[in-house]
């Protein structure tokens with residue numbers, strides 16, 4: 001999202017918030033996106049998707065699945081590019097050949113569609129295509145955001161360490177402000193709040209950062225990916 005567009009959307013959101021207090025904490029660096037859930041039947045979990053740490057533009061908001069700037073030529077992404085991305089953002093049909101069915105709607109062959117997707121990924125426009133697991137439905141009802149007040153010189157080592165925890169789904173360095181001193185964030189998923197707190201305490205020892213807090217989700221109002229080119 002362009003910086004001007006981000007600020008406009010933010011202003012609309014704040015207007016609706018009324019007198020509620022708020023903090024704007026843009027992501028600066030991503031250390032991990034992905035989580036390994038321990039299944040009750042003893043099944044060994046797969047390897048979580050994990051990105052190489054990367055620096056984000058702190059003024060335009062957090063990292064995004066589709067980086068539209070990667071698709072832009074002098075005239076911007078083509079109409080076909082936009083149509084493909086719009087389709088990829090929707091739920092995939094559970095059929096034998098989902099890519100083939102999607103390609104029919106786009107007026108291209110399955111091979112052409114897969115080639116375009118590979119091209120997007122090679123350019124960094126698409127990071128991944130993956131299933132979304134509703135973790136609350138399998139017993140992981142506690143979501144704790146572990147926040148650490150850690151010095152800048154320890155950020156990289158701490159982020160790489162926290163990213164190794166299978167219970168962590170997201171790990172970011174975020175911008176601080178006078179009212180918020182915590183710069184490292186790790187979302188921890190567990191079956192109970194005490195387990196989250198215990199893991200956060202272990203993390204704080206591992207990274208040498210005793211000053212931390214854990215923020216628990218109390219109610220989920222919305223959870224979905226940002227969608228692009230929907231106007």
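Readers should treat all values here as calculations from the given coordinates under stated rules, not as data from a laboratory. Here the structure is a predicted model, which means the values were calculated and not measured. When we count neighbours, we look across all protein chains shown, and the Cβ atoms used for this are built from the backbone with ideal geometry, even at glycine.
Structure above, values below:
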| item | result |
| --- | --- |
| Length gained when the stretch residue 218-residue 176 is fully extended (0.36 nm per residue, less Cα-Cα span) | 12.8 nm |
| Nitroxide proxy distance, nm - points 7 Å out along Cα→Cβ at residue 106 and residue 87 | 0.5 nm |
| Calculated FRET value between residue 20 and residue 114, using beta carbons and R₀ = 30 Å, to 0.05 | 0.05 |
| Where labels lie 7 Å past Cα in the beta-carbon direction, separation of residue 97 and residue 80 in nm | 2.0 nm |
